[in-house]
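Inspection log for the structure reproduced underneath, given as C-alpha cells.
The values are calculated or read from the model by the stated rules, or taken from the named source; none is laboratory data. Since this is a predicted model, take the numbers as computed values, not measurements. Neighbour counts are summed over all protein chains in view; Cβ atoms, including those assigned to glycine, are modelled from backbone coordinates with ideal geometry. In case anyone asks, the SASA skips ligands and DNA or RNA and just uses the protein heavy atoms, side chains included. Shrake-Rupley method; radii C 1.70, N 1.55, O 1.52, S 1.80 Å.
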Amino acid sequence: MERKIEKLISEMTLDEKLGQLTQEVTNVSSIDKLSKLAEQGMLGSCLLTDTPWAGSVTMEGISVSYLNKIQRAAVEKSRLGIPVMYGCDIIHGSKTIFPIPLAQAATWDYDLIRDAASVMSEEASYDSIHWTFAPMLDICCDPRWGRIIETPGEDPLIGQMFAKASVEGIQGKDMSEKGKLAACAKHYIGYGASSGGRDKDGTEWSDYSLRNRALPAFKAAIDENVATVMSAFNEISGQPATSSKYHLTDLLKGELGFDGFVVSDFDAVKRLTCQGVSDNDETSAVLAINAGVDMDMADGLYKNNLKSAVEKGLVSMSVIDEAVRRVLRIKFRMGLFDNPYADENVSPEEYMKKEYLEKAKQVSMHAMVLLQNNGVLPLAKGTKVSVKGPMAEEKPALLGSWHAEGQADDVVSLGEGIQKINGEENTFVHPCTQEDMYCNDDFSNVYIVAVGESEKVTGEGCTISNIELSGRQVDCIRAAKELGKKVVAVIFAGRPLAITSIVPYCDAILWAWHGGTMCGEAAAEIIFGDFNPSGKLPVTIPRSTGQIPICYNHQRNEYVKAWYSTHHRYVSKDSLSTPLFEFGFGLSYSDYQYSNFEYRFNSACQQAEISFDVTNSGDHEGYEIAQCYICDIVASMSRPVKELKAFEKIHLKKGETKKVTLTLSKDDLSFYDGRGNFVFEEGEFRIEIGKSSSNICFETTEYISFES
Ligand code: NOJ
C-alpha cells in the first residue's frame, strides 16, 4: 500500500495534491461543481452539508445516486482515479438513535457502546457515508457547555473506554468491511475545558492537566487505530489547536505515533485570524499545514492559498506530500479504491431493524441512572398512574442534539412507553400546562412527572448560564407533592442539571437523559421493574450553577476544604464542596454487599490486585458496577484527590455472589509530570473500592514499587 501511495504522489500535480487535502461542503445544487472538481482529481472529501452541523441537519436531496455520480467522476474520469471520501457527523445514531454519548458513558459498558457505534455505522453506510466525525472525546467538568452531551463526561478512564469501544464499533477490526466507517477522534485538544463553558472559547490548561486529563482518551483511540483526528476550535494557553505544531505534530503524530490524518474543524483554519495569530488567509493556511492539519474542512483555504505558499517557500513540498500520504493511506485502509460506490437499492427495511431498536432500548436502559428512591419504585404493573409534566409526550428532545436522520415521529415518548408497559387503561397521559398544573386528576395517586430540557439548548453553540431546572417545572413537581401524590420525576436532559429544588418533593428520580428513539419505553421498563437500573453517573451533578466547574477528581486541596469548613460562616460547607450527586453514583432496586477484601501485589504479573466478593442481597437480579479509585499520597506533583483506575460491571442474580478482582498496573499508577515525562513514583497509594466516588466500602494504603 505504501508503495502505491508513493507512486500516486509522484504522479500528482500540486493542484491535485491540494485537492486531496480539501473537504468541500455539499448541498443539493453543488453536483456540477463537485463533479467537475472530482473529474479534475481535485476533490479529496465532501462534507455532507453546507452548514457547520453535518449531523444535525438532514441531508435533504443528497441521495446515494447523487454521491455515486460524483464518485464516478473521481474514479472513472479523473487522471489518477482517486476516490472521494464522504464525511458526516453520525454521533449517536444515524436513523435508529441511541442515547447521547454522555448517556452511553453512564452504562460503563464497553460492549454496549461498541454495539451502538456499530449499528450507527451500518445505517450510515447505506447513505454512502464513509467517515463519521465521532467519537467526541473531550473531557468536561462544565455542564454550562452545551457540547457536554457529546462527551464521555469528566473522567479520563471512562473517556478511554468510550474511545476504544466507539472506534471499535465504527471501524471494526478492518475499516474496509461492509458497514464500517472511518472514525474521527475529536476535538484535539482541550475543547472540553473552554473558559466559562463558552463554546469555542480558549482553554487555560497546563501541559500537566492536558496530558493527564484530556490526552488519555485520544491515546486510547490511537491505540485502537482511529483513522482520523479533528483539530479543535479552541486555543490552548494562547496557541490555537489548529496552528499548534507542538500538539499536532510533536505530540500526536510523533510521541503518540498517530499515522492517520488530521482534519480541521469547520472553517477553523480561516478562524485563525479571529484568534489573532494570523491576519490573512494565506498565513492561516500556512500555519495550519505546517502545524500538522492535513485536511482543510469547508473554508477552501488550502486549495486557494497553498500553491503560492509553496512557490514562495513558506511551505515545503515534503509537508504537502506527507499530508497527502496520510489522506491516501486512510482511503486505502478504508477499501475505497476497491469499493468506491454505495448500493443505490438498499431497502428501507434495512434501517431501524427490530434488533437495532432492541439494542437502542438496551443501551438506553443501561444508561439511565436512578438517583433517588424511597421504595416507591418499581411500580407494580397495573398501578394507576398519571404521566404529567411538560415532557410527558416529548419526542424531539429525546432524540437529543446531533441526531442525523433520526425522526421525532419514530421516538417512543414516556407516555407511550408507559402505556405500552402498564396498559392504556391504567395510564393517564396529561402533560402539565400552566392551568392544570395544580389540579388533582383523581385518576391516580402516582404522578410520573417528566421534566428536563430541550435538545435545542444542548449541542454546539449552546452555552447556558444557569443549569437549574426552569421555574415552572419545579412548580409542577412541588404541586404534585402538595396534592399528596407519590411523585416519580423522570428527567430528560443532555447535561447535568442542578435539580436541588425538586429533590425534597420526589419519591423517586430517574435520570433518563436524551435517550434516543426507544427512550420512553426504556424508562417505562425501569419504572415497572422489567429492568433493574444500573447506570452510574459519568459526570458530577452539582447543587447549583455556582459550583461549576466541579469534578470528583480535582487536585488535592485539603487546606482549602478545611478553610471553608472552619472559616466560611455564610455558606454551608456542603453547598460548596460536595455535589448533589457524585460521579459514579447510581441506585439499584437491589442491594449489593461487598466483602472479603484482599489486597496483594502479584510479582509475576507486576500488578497490584484487589479481590472482593459482591453479593446481590436484594430481590431483583441486576448489574452492579464496582469501582476502584486511587490517590498518590505524596508525589512530585500535586495529584488528584482520587482517580478512577479500574471498574467492573457484574451481573448478579438474586442471592448470587461473585468474586471480582480489579488490577492496577504500573501505567495505572503513573502520571505525566508536567515536563512531558510519563513517570511512576514509588511510594504510598490509597486504594479504595466503592459503589461510587464517595460511597467507599474498602480502603487500604499500600507502599507500591515495580521491578524495572
Ligand atoms: C463543527 C463541529 O465542531 C464538529 O464537531 C463537526 O464535526 C463539524 N462542525 C462538522 O459538522
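Among all helices in the chain defined by DSSP H, which have a length of 18 Å or more along the axis from Cα atoms plus a Kyte-Doolittle mean of at least -0.5? Spell out each step's value before the answer.
On the way: long enough: 110-126 (25 Å, -0.22); 156-171 (22 Å, 0.48); 317-333 (24 Å, 0.13); 354-367 (20 Å, -1.00).
Answer set is 110-126, 156-171, 317-333.
Give the shape of region 150-278 as rounded, prolate or oblate, defined through the alpha-carbon gyration tensor: a ≥ b ≥ c are the square roots of its eigenvalues, a/c under 1.5 means rounded, and otherwise the shape is prolate if a/b is larger than b/c and oblate if not.
Note, shape of region 150-278 comes out prolate.
log10 I(q)/I(0), Debye, Cα-only region 1-145, no solvent, q = 0.12, 0.14 Å⁻¹?
Treating every Cα as an identical point scatterer, log10 I(q)/I(0) equals -0.59, -0.76.
Rounded to the nearest 500, what is the 222 nm mean residue ellipticity of the chain from helices alone, with -39500 (n - 2.57) per DSSP H run of 4+ residues and division by all residues? Please list the in-between numbers first.
Details: 18 runs with 184 residues, N = 708.
Per the formula, -7500 deg cm²/dmol.
Compute the distance from the alpha-carbon center of region 641-708 to that of region 11-77, in whole Å.
Each part's Cα centre sits 48 Å from the other's.
Just how large is the dipole of region 16-333 about the Cα centre, in debye to the nearest 20, putting +1 at every Lys and Arg Cβ and -1 at every Asp and Glu Cβ?
720 debye
Counting heavy atoms of the protein chains only and a 1.4 Å probe, report the per residue accessible area for the chain as a whole number of Å².
36 Å²
With the convex hull built on the Cα atoms of the chain, state its orientation-averaged projected area in nm².
Working: hull surface 127.7 nm².
Average projection, Cα convex hull of the chain: 31.9 nm².
Students often forget the sequence filter, so: which lysines lie under 19 Å Cα-Cα from Lys17 once same-chain residues fewer than 8 apart are removed?
Output for Lys17: Lys4, Lys7, Lys33, Lys36, Lys77, Lys303, Lys307, Lys312, Lys331.
How long is region 16-333 along each principal axis, judged by its Cα atoms, biggest number first, in Å?
Largest to smallest, the principal-axis extents are 49, 42, 31 Å.
At each listed q (0.09, 0.21, 0.22 Å⁻¹), what is the log10 of I(q)/I(0) that the Debye formula gives for region 87-226 modelled as equal alpha-carbon point scatterers?
Ignoring solvent entirely, the Cα scatterers give -0.24, -1.19, -1.28.
Distance between the C-alpha centers of region 475-505 and region 244-262? Whole Å please.
Centre-to-centre distance over Cα atoms comes out at 47 Å.
Just in region 134-187: which trypsin sites (Lys or Arg not before Pro) are loop by DSSP and have at most 16 other Cβ atoms within 10 Å? Kindly include the intermediate steps, with their values, before the conclusion.
Values: sites: Arg144, Arg147, Lys164, Lys173, Lys178, Lys180, Lys186; in loops: Arg144, Lys173, Lys178, Lys180.
When the trypsin sites (Lys or Arg not before Pro) of region 134-187 are filtered for loop state and at most 16 Cβ neighbours within 10 Å, Lys173, Lys178 remain.
What size of dipole, in debye to the nearest 20, comes out for the chain about its Cα centre when the only charges are +1 on Lys and Arg C-beta atoms and -1 on Asp and Glu C-beta atoms? Present the calculation step by step, with values, prior to reporting the outcome.
Details: 71 positive and 100 negative charges, 122 e Å.
In debye, rounded to 20, the chain gives about 580.
Using label points projected 7 Å from each Cα along Cα→Cβ, tell me how many nm separate Ser708 and Ser29, to one decimal.
Taking the two extended label points, one gets 6.9 nm.
What percentages, rounded to whole numbers, describe P(r) for region 352-540 computed over all alpha carbon pairs with 10 Å bin width beginning at zero?
Result returned by the calculation: 10, 41, 38, 11, 1.
Enumerate the aspartates and glutamates that Lys659 could reach by cross-link, defined here as Cα to Cα under 20 Å, with residues fewer than 8 away along the same chain left out.
Cα-Cα hits under 20 Å: Asp109, Asp591, Glu598, Glu609, Asp613, Asp619, Glu621, Glu624, Glu648, Glu688, Glu699.
Relative to the present Cα-Cα distance, how much length would full extension add between Asn695 and Thr578 at 0.36 nm per residue of separation?
Once the chain is fully extended between Asn695 and Thr578, it gains 40.8 nm.
Using the charge dipole of the chain (Lys, Arg: +1 at Cβ; Asp, Glu: -1 at Cβ; taken about the Cα centre), state which of Ile100, Tyr246, Leu67 has its Cα farthest towards the positive end.
Farthest towards the positive end: Tyr246.
Under a crude label model (7 Å from the Cα following the beta-carbon direction), how far is Asp250 from Tyr599 in nanometres?
My value for the distance between the label points is 3.8 nm.
Which lysines, if any, have their Cα less than 20 Å from the Cα of Lys95, not counting same-chain residues under 8 positions apart?
Those lysines meeting the cut-off are Lys178, Lys180, Lys353, Lys354, Lys359, Lys361, Lys395, Lys456.
For Gln407 paired with Lys69, estimate the spin-label separation in nm (one decimal), with each label point 7 Å from Cα along the Cα-to-Cβ line.
Each label point lies 7 Å from its Cα, and together they span 2.4 nm.
Using Cα pairs closer than 8 Å and at least 6 residues apart in sequence, work out the relative contact order for region 26-139, in percent.
Relative contact order, region 26-139: 28 percent.
Residue separation times 0.36 nm, minus the C-alpha to C-alpha distance between Asn466 and Lys666: what's the value?
So the extension gain works out to 67.8 nm.
About its Cα centre, what dipole magnitude does region 352-540 give when the only charges are +1 on Lys and Arg Cβ and -1 on Asp and Glu Cβ, stated in debye to the nearest 20? The partial results should precede the final answer.
Working: 17 positive and 24 negative charges, 109 e Å.
It works out to roughly 520 debye.
Kindly identify region 468-527 as rounded, prolate or oblate by the Cα gyration tensor criterion: order the square roots of the eigenvalues as a ≥ b ≥ c, call it rounded if a/c is under 1.5, otherwise compare a/b with b/c, prolate if a/b is larger, else oblate.
Verdict is oblate for region 468-527.
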